[in-house]
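Notes follow once the structure below has been shown.
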Amino acid sequence: MKRLSTLVLLILSLAIQSASARVVKGRVFSSADTTVVVGADCRLMSGDRQVNSWRSNADGSFAVASGDKGSPRLEVEKHGFSTTEILIKGGSDDVDLGPVFLEKSVELKEVSVTANQVVYTKGRTIVYPSASEVKASSTSIELFQKLPLAGLTVNPIHQTLSVDGGSPYILINGRPASMNEVNTLAPKDIEKIEFSRFTPARYADKGGNGFIDITLKKRDDGGNVYAYARSAVNTAFVDGNIRGSYHQGPSQFSLFYNPSWRNYQSVYDFKTESYISPDFRVNLRSHDRAPFNYLTNQMQLKYDYSPSLNTLFSATFYAAPSSNDNRRLAHTADSELGNYDNLDKSRSKAFSPSLDLFFRRKFNDRNALEAQVVGTLSSSDYRHDNTYIYPDDREEIYSTNADSRRRSLISEVSYIHTFSVKTELSAGFQNTISHSTNTYLDTDYKPVLTENNNYLYASLGQSVGKFYFSLSSGLKMYWIKNDMNKRNFVRNLSRAQINWYINQKWRLFGSFVFSPSIPSLSALTDYPQQVSPYLVSNGNPDLKVSETFTYNLGASFNYKKFNATLITAYVNSNNSGIGDIAYLGDHLFLSQSVNARYYRQYAGRLMLQLNGVAGFGANITLNLNHYETAGANWSHNLTSFSADFSLWWNKGPFTISYWRKIPGKSLYGYQVGKEENGDALQFQYRPDKHWNLGVSWMYMFDKKGTRYPAWSYSLVNPSYRDRYIKDNGNMVVLSATYTADFGSIFRTARRSLNNSDNGSSLLKQ
């Protein structure tokens with residue numbers, strides 16, 4: 001075998017030499033016992049750009065080809081050893097380094113004191129989690145809480161990530177990923193995380209806030225298993241994640257399953273509202289119990305084939321069957337109709353299997369091509385009965401019973417060209433074609449809706465000294481038609497950012513984003529439905545495209561284990577789509593989306609973080625927001641403060657952490673909503689390298705549990721609502737995590753095209 005590997009190496013070296021490429025070769029040994037090191041990653045680097053790579057053979061030998069006649073850098077890396085770097089002298093001749101020795105890594109009784117490594121480059125923050133942070137985290141969400149990623153908000157109760165109030169666009173090894181898939185990752189499998197509050201051009205059409213790319217540690221033959229489960233003791237709160245993968249040569253198979261179940265009975269609403277017109281007014285006061293339950297099952301089966309670092313083919317099957325059951329039992333005092341009871345029941349089922357085919361080819365160190373095709377078949381069934389029961393036993397029922405079927409095909413191609421280490425250009429084209437049929441069972445109405453969405457984009461990144469600039473622009477061309485009308489939209493998406501890396505401690509950054517918001521298919525659907533004695537709901541086919549301008553300016557300071565970031569933002573949106581209530585006549589009011597004159601937001605955010613001081617860490621975020629919005633004959637404003645902080649301490653196998661959220665308020669149109677409250681105290685015990693056991697106390701000392709107060713300033717339909725889920729109050733949750741590994745390291749090419757279809761044209765009550 002040794003002779004065979006050597007022969008293969010020589011043949012390859014000759015082939016490389018015949019192509020007039022420079023070759024850097026040698027053999028890798030352990031400095032401790034002079035034995036050969038097999039499977040070491042040998043990478044030739046030019047600046048921060050990888051030129052080529054090789055993995056050491058059975059006899060420790062390697063040969064890395066490069067056409068670079070400058071002075072590249074060789075990095076030799078292997079798990080369990082310290083990384084070695086060697087500067088290669090300039091020239092065109094081959095280089096034989098002879099023996100290259102690696103030093104064994106030193107661990108102190110399984111406790112590493114190494115801090116995480118933070119790199120700021122090309123407008124992104126790259127974090128390599130430290131061993132202590134990984135050890136103190138049983139889930140990926142817990143790990144994210146501890147990392148210095150300014151602008152990222154973590155909710156450990158719901159296990160979600162958010163950036164500036166919205167969901168970020170997430171990649172795993174450059175491929176598409178949902179939040180549920182992120183939750184299946186074991187912290188120890190995460191090599192690095194790239195984060196940016198600035199969404200790249202190729203993802204700007206997908207509506208994400210910010211950008212996260214998680215790189216996993218690579219494997220050879222072998223695999224791993226990760227399982228996580230948690231369940232409340234005192235209420236029906238159960239979810240978990242199971243992930244398994246197996247690697248054989250260039251192939252990788254993976255499977256993940258994420259179930260989530262809720263069954264809440266103690267859910268209460270207290271609401272006051274009025275319907276006001278020039279000749280009619282009604283006042284309503286209601287109190288009700290609104291139990292609900294849902295069950296979701298997310299499943300993914302994936303195959304990757306990567307014969308080299310330059311080539312990747314991926315096939316992914318994804319399905320997420322779900323069901324929801326909601327009830328509302330209300331007693332209402334109505335100034336017009338008197339007192340009555342209200343029984344509101346709704347049920348829905350959805351199933352959207354999809355097949356994702358992806359191909360990436362890196363032709364050389366400067367050019368790469370990506371292509372993706374995603375086919376989705378969606379079906380959803382919706383049943384809604386709203387029954388009003390009066391004292392004389394008279395009943396009025398308002399129903400919506402509808403089925404929706406949707407077929408879609410998404411295709412995209414992207415090309416990346418690297419002019420140099422400092423300059424990169426990318427461009428691409430995406431097309432989405434969909435066909436939806438909605439059947440409203442109580443009528444003969446069966447609209448057929450067709451969508452054709454095209455997105456053409458280009459992006460240029462340039463480094464100049466300590467500055468990094470990025471400019472991108474895209475053209476969105478959107479056609480939609482149904483049985484009654486046809487709409488066309490052509491809009492531009494543009495963004496720019498600048499980063500000034502003053503020194504190792506200070507960084508200044510700014511960005512500008514112009515983005516249109518095209519109305520959803522359901523918002524454009526013209527199908528009126530009476531949903532209560534006073535209210536008719538309908539879409540609005542005359543909705544305009546809203547245009548949003550976003551400006552950001554910020555600064556960050558990093559010193560050893562302390563990080564501080566200040567971010568300011570201004571958002572100005574014209575023709576923003578808002579919910580509206582208008583009087584139709586005959587004691588009926590119309591609920592639909594309309595275009596407001598403007599929406600403005602002024603925001604400031606301060607983030608402070610302390611990492612790993614004697615096992616202790618802290619993360620504090622302070623937010624101040626001011627909102628302004630106006631319509632044809634009204635205007636409103638609101639100022640709100642919010643905060644969240646997390647503390648943790650790790651000692652040996654024990655970890656204790658606390659998270660607290662001080663909720664803020666937000667204003668959009670007439671509507672004011674208050675964020676969900678929350679806190680959690682968690683104890684963890686890691687008896688061995690496989691298991692992590694935990695107990696959490698959530699919504700501490702809050703008898704009403706989760707609260708969602710909201711109110712409306714509408715001149716036609718003013719209201720106030722206090723909703724709370726008592727089941728969540730003082731909730732005790734038990735959790736367990738199990739991980740197991742076998743085999744060694746796997747290296748795969750990375751993907752960055754990420755498409756999925758989650759659209760719906762069904763108009764619901």
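Brief remarks follow.
- Annotation: amide H of Glu336 within the under-5 Å range of Asn283, sequence separation 5 or more or interchain, hydrogens built in the peptide plane.
- Residues Thr525, Thr439, Thr184, sorted so that the one with the fewest Cβ neighbours within 10 Å comes first: Thr439, Thr525, Thr184
- Fully extending the segment from Arg361 to Asn730, taken as 0.36 nm per residue of separation minus the present Cα-Cα distance, adds 127.6 nm.
- Karplus 3J(HN,Hα) series, Hz, for region 647-657 with 6.51 cos²θ - 1.76 cosθ + 1.60 (x for Gly, Pro): 10, 8, 9, 10, 9, x, x, 9, 9, 10, 9
- For Met45, the amide hydrogen comes within under 5 Å of the amide hydrogens of Val51, Arg73, Leu74, Glu75, counting only partners 5 or more places away or on other chains and with H modelled in the peptide plane.
- Calculated [θ] (222 nm, deg cm²/dmol) that DSSP helices of n ≥ 4 give over the chain, each run adding -39,500 (n - 2.57): -1000 deg cm²/dmol
- In Hz, Karplus ³J(HN,Hα) per residue of region 532-540 (6.51, -1.76, 1.60; θ = phi - 60°; x = Gly, Pro): 7, x, 10, 10, 10, 10, 7, x, 9
- In straight-distance terms, cross-link reach from Lys703 covers every one of the lysines whose alpha-carbon lies under 21 Å from its own, apart from those fewer than eight places away in the same chain; here that gives Lys271, Lys661, Lys674, Lys726.
- Short-range pairs are left out: with C-alpha atoms under 8 Å and at least six residues apart, the relative contact order of region 333-452 is 22 percent.
- Derived scalar couplings ³J(HN,Hα) [region 395-402; Karplus, 6.51 cos²θ - 1.76 cosθ + 1.60; whole Hz; x for Gly, Pro]: 10, 10, 10, 10, 10, 9, 10, 8
- Cα-based reach from Lys362 at 20 Å (exclusive), listing aspartates and glutamates while leaving out same-chain residues under 8 positions away: Asp41, Asp48, Asp68, Asp213, Asp304, Glu370, Glu412, Glu424
- Amide H partners (placed H, <5 Å) of Ser714, local residues excluded: Ser719
- Partner aspartates and glutamates whose Cα lies under 13 Å from the Cα of Lys651, excluding those fewer than 8 positions away in the same chain, are identified as Glu110, Glu133.
- Cβ-based exposure ranking for Glu424, Glu77, Glu395, in which fewest neighbours within 10 Å come first: Glu395, Glu77, Glu424
- Acute angle (nearest 10 degrees) that the helix 2-18 long axis makes with the longest principal axis of the chain, alpha-carbon atoms: 80 degrees
- Mean-position separation - Cα centroids, region 675-697 and region 226-291, in angstrom: 20 Å
Read-outs throughout are calculated quantities, based only on the coordinates presented, and are distinct from any laboratory measurement. Keep in mind the model is a prediction, meaning the values are calculated, not measured. FYI the Cβ positions are ideal-geometry reconstructions off the backbone, even for glycines, and counts take in every protein chain you see.
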